[in-house]
1. What number of residues in segment 50-74 are of a type in the set (S, T, Y) and either surrounded by fewer than 22 Cβ atoms within 10 Å (Cβ to Cβ) or part of a helix (DSSP H, G or I) (or both)?
2. Working only within segment 126-145, note down all residues that are closer than 18 Å to R180 by Cα, open to solvent by less than 60 Å² (accessible area, probe 1.4 Å) and more than 18 Å from the chain's Cα centre (by Cα).
3. Within segment 180-217, take every residue that is part of a loop (DSSP other than H, G, I, E, B) and small (G, A, S) and give me the one that is surrounded by the most Cβ atoms within 10 Å (Cβ to Cβ).
4. Among the listed residues A257, A301, A295, A315, identify the single one that is closer than 18 Å to A66 by Cα, open to solvent by 20 Å² or more (accessible area, probe 1.4 Å) and either away from ligand 2 (no atom under 16 Å from the Cβ) or not hydrophobic (A, V, I, L, M, F, W, C) (or both).
5. Taking D203, is it within 16 Å of ligand 1 (Cβ to nearest atom), at pLDDT below 95 and under 30 Å from R276 (Cβ atoms)?
6. Where residues in segment 263-283 are open to solvent by 10 Å² or more (accessible area, probe 1.4 Å), within 13 Å of ligand 3 (Cβ to nearest atom) and in contact (Cβ under 8 Å) with a residue 60 or more places away in the chain, which of them is farthest from V59 (Cα to Cα)?
7. State yes or no: is G220 in contact with a Pro (Cβ under 9 Å, 6 or more places away or on another chain), on the phi > 0 side of the Ramachandran plot and either surrounded by 21 or more Cβ atoms within 10 Å (Cβ to Cβ) or among the charged types (D, E, K, R) (or both)?
8. Which of the residues that make up segment 75-97 are surrounded by 16 or more Cβ atoms within 10 Å (Cβ to Cβ) and farther than 12 Å from L155 by Cβ?
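The values are calculated or read from the model by the stated rules, or taken from the named source; none is laboratory data. Given the structure is predicted, the values throughout are model-derived calculations rather than measurements. Using ideal geometry, Cβ is built from the backbone for each residue, glycine included, and neighbour counts are taken over all protein chains shown. Just the protein is used for accessible areas: all its heavy atoms, side chains included, with ligands, DNA and RNA removed. Shrake-Rupley method; radii C 1.70, N 1.55, O 1.52, S 1.80 Å.
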Amino acid sequence: MSTAVHDRLSRPLRSLRLSVTDRCNLRCSYCMPEEDYVWLPREGLLDFDELARLTRIMVGVGVTRARLTGGEPLLRRDLPTLVAELAHRTGLDELALTTNGILLAELAMPLAHAGLTRITVSLDTLEPARFRAITRKDELPRVLEGLRAAVDAGLAPKIDTVVVRGVNDDELVRLLDHARGLGAMLRFIEYMDVGGATHWRGDAVVSRAEILARVTAERGPAMPIQDRGSAPAESFMLPDGQRFGVIASVTAPFCSACDRARVTADGQWFPCLYGRRGLDLKGPLRNGASDESIAELVRGAWEARDDRGAEARAALSNREPLVPAHTLKRDPHLEMHTRGG
Ligand code: SAM
Ligand code: SF4
Ligand code: SF4
């Protein structure tokens, strides 16, 4: 393992979220609720060689884990080819992917063969009409098929559920039961006021405390297990042994242990999900800069980092959506679907 670079709050850079596209085949109400979007120009997207080179440079400055995301990462053509390159030829210890699952039935096995080590599938409901209302698409059967294919391919999927009041907060136990049937770990995520969540309201957030109370009321006490380290989820165990997680980014943010940075599909590097400014890495990658000089850029930016985006948001007394829709149109890099969540 290379020596990690530390930021001003002594947090190492260990984990990378690599977005491979800003396009998506869903329109989740908490992520892409608008009618129109401004997309990143296609010629600006990093190609597979550039993504692999960048990942090798990141490994050189201490990154050990990467997660492919988007937009919807399975929309990126030939993704298993990229996965094979990243998994076997960059020095990463772990390569994961987050997907909405629509294209997973066809891709689970090729991705597993290519060397993907972990997968997370987003699933907010088991009711088809509700799925349509949340995502504007009728794709629940394909997502469930994809999830099953991930289990069959040995990818041991996790399921991520964004809980929104009045939308799916009556379905928590049913979702847990479904996860148990698949042998999958489910994590409930508090609805965050990130860029893109232009319809966010504080009273739509179902807090960690409320999630635990609801699960406990039906399934018995949820006991905390293990120290979460730098992982965003806290883990709990139910009396029957089922484990699940809660990601409380709104009511109990975990910035003090945050070791992750994000790269958008066009090579902008963001040291915080809530950060306004990225560092352009595509320019140096395409303009003949050496690996060492790009590594220096990254090291310098990480050493200067003092972001605590979610904690700073939690300290606000009057919380509104982070970025208004018209500003997002001017700068799509502020969107969650561009940054990769
Ligand atoms: N399209 C893929 C998917 O949905 O899994 C990957 C990209 S998506 C931006 C990554 C994660 O961000 C998903 O699990 C999604 O549920 C989560 N997400 C998006 N908007 C969110 C919000 N406002 N609050 C909490 N999580 C959100
Ligand atoms: Fe939904 Fe993921 Fe697409 Fe956002 S990027 S709209 S969370 S599927
Ligand atoms: Fe890390 Fe920023 Fe998220 Fe806090 S808000 S956990 S610093 S990415």
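1. Kept after step one, since they are of a type in the set (S, T, Y), are these residues of segment 50-74: 55, 64, 69.
Next, only the ones that are either surrounded by fewer than 22 Cβ atoms within 10 Å (Cβ to Cβ) or part of a helix (DSSP H, G or I) (or both) stay: 55, 64.
So the count comes out to 2.
2. Taking segment 126-145 first, the residues closer than 18 Å to R180 by Cα are 126-127, 143-145.
Add one more test, that the residue is open to solvent by less than 60 Å² (accessible area, probe 1.4 Å), and what stays is 126, 143-144.
Those that are closer than 18 Å to R180 by Cα, open to solvent by less than 60 Å² (accessible area, probe 1.4 Å) and more than 18 Å from the chain's Cα centre (by Cα): L126, L144.
3. Here is the first cut: in segment 180-217, the residues part of a loop (DSSP other than H, G, I, E, B) are 183-184, 191-201, 206-207.
Now restrict to residues that are small (G, A, S): 183-184, 195-197, 207.
Working: G183: 10, A184: 21, G195: 26, G196: 28, A197: 23, S207: 17.
Step by step, filter segment 180-217, then rank; the result is G196.
4. Values: A301 fails: closer than 18 Å to A66 by Cα; A295 fails: open to solvent by 20 Å² or more (accessible area, probe 1.4 Å); A315 fails: closer than 18 Å to A66 by Cα.
Answer to the check: A257.
5. Details: within 16 Å of ligand 1 (Cβ to nearest atom): yes; at pLDDT below 95: no; under 30 Å from R276 (Cβ atoms): yes.
It is false that D203 is within 16 Å of ligand 1 (Cβ to nearest atom), at pLDDT below 95 and under 30 Å from R276 (Cβ atoms).
6. If we take residues in segment 263-283 being open to solvent by 10 Å² or more (accessible area, probe 1.4 Å), within 13 Å of ligand 3 (Cβ to nearest atom) and in contact (Cβ under 8 Å) with a residue 60 or more places away in the chain, then Y274 is farthest from V59 (Cα to Cα).
7. Details: in contact with a Pro (Cβ under 9 Å, 6 or more places away or on another chain): yes; on the phi > 0 side of the Ramachandran plot: yes; either surrounded by 21 or more Cβ atoms within 10 Å (Cβ to Cβ) or among the charged types (D, E, K, R) (or both): no.
No; evaluated as a whole, the condition is false for this residue.
8. Going through segment 75-97, the residues surrounded by 16 or more Cβ atoms within 10 Å (Cβ to Cβ) turn out to be 75-76, 79-80, 82-87, 90, 92, 95-97.
Those that are surrounded by 16 or more Cβ atoms within 10 Å (Cβ to Cβ) and farther than 12 Å from L155 by Cβ: L75, R76, L79, P80, L82, A84, E85, L86, A87, T90, L92.
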